[in-house]
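One structure is given below, encoded as structure tokens.
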């Protein structure tokens, strides 16, 4: 646990100015997608996401997280995500166009990178040993927010990849004392539900067992149960005096 938080402190102390620039670029590109959508803006956002994943792979894990025993695996994980967005930049499989999905969820996911440091401050942590906006889990929720708001055609590989990261992040709650990662897991559940619901609806002509309506009901129940479990396990951190 000490190594984990020390690497975070060194990363934040050395890169906080760059993190401000990255957050500003993310805000600007997102606003441009809303106000001036087009091919060039889409390409700029894909390039930004690729570079953002390269940043996490090389700067966060390789440079400042090298002391962690699993850092090499994480470098590969995030490098693959960067390759995915670079491929999409040229293949054009993802189109950042407004969807009919709930805008409130997108806004929550956009704001989550800012909620992370606030949650750390509420726990009594101080800079630089605290969560910040440009860290792996923050990048995941921001990417999910973009996909919820703009992606019409679902890239299941990207969704499963990001969802996998969200759920394995729960281990850090217990091993490294970082309950902030509950924010990622809980916010990811409704996003995954929407993605898989759209996937089922886009394939309604295919015979399946169970059928689409039953599958949607099962998906809803599973998401509610998992979400309730995460919220219940988060309560002791929010109200420790009650436990």
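The values are calculated or read from the model by the stated rules, or taken from the named source; none is laboratory data. These numbers were taken from a predicted model, which means no experiment stands behind them. Neighbour counts are summed over all protein chains in view; Cβ atoms, including those assigned to glycine, are modelled from backbone coordinates with ideal geometry.
Only one residue in 60, 116 is surrounded by 19 or more Cβ atoms within 10 Å (Cβ to Cβ), under 30 Å from residue 1 (Cα atoms), under 17 Å from the mean Cα position of the chain (by Cα) and at pLDDT below 90. Which one? Of the residues listed, the single one that is surrounded by 19 or more Cβ atoms within 10 Å (Cβ to Cβ), under 30 Å from residue 1 (Cα atoms), under 17 Å from the mean Cα position of the chain (by Cα) and at pLDDT below 90 is 116.
Residues are listed down the side, and each one gets a yes or a no for (1) in contact (Cβ under 8 Å) with a residue 24 or more places away in the chain; (2) surrounded by fewer than 18 Cβ atoms within 10 Å (Cβ to Cβ); (3) touching a strand residue (DSSP E or B) at 6+ places or on another chain (Cβ under 7 Å):
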residue: 31; (1), (2), (3): no, yes, no
residue: 43; (1), (2), (3): yes, yes, no
residue: 50; (1), (2), (3): yes, no, no
residue: 67; (1), (2), (3): yes, yes, no
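Residue 89 falls short on exactly one of the conditions (1) closer than 30 Å to residue 35 by Cα; (2) modelled with pLDDT under 90, and that condition is (2). Among the residues that make up the range 120-139, is at least one of them surrounded by fewer than 19 Cβ atoms within 10 Å (Cβ to Cβ), out of contact with any strand residue (DSSP E or B) (no Cβ under 8 Å at 6 or more places or on another chain), modelled with pLDDT of 90 or more and assigned to a helix (DSSP H, G or I)? Taking every residue of the range 120-139 in turn, at least one turns out to be surrounded by fewer than 19 Cβ atoms within 10 Å (Cβ to Cβ), out of contact with any strand residue (DSSP E or B) (no Cβ under 8 Å at 6 or more places or on another chain), modelled with pLDDT of 90 or more and assigned to a helix (DSSP H, G or I).
Only one of the numbered conditions (1) surrounded by 13 or more Cβ atoms within 10 Å (Cβ to Cβ); (2) modelled with pLDDT of 90 or more; (3) in a loop (DSSP other than H, G, I, E, B) is violated by residue 101, and that is (2).
For the range 84-113, the set of residues classified as without any contact (Cβ under 8 Å) to a residue 12 or more places away in the chain and under 13 Å from the mean Cα position of the chain (by Cα) consists of 111 only.
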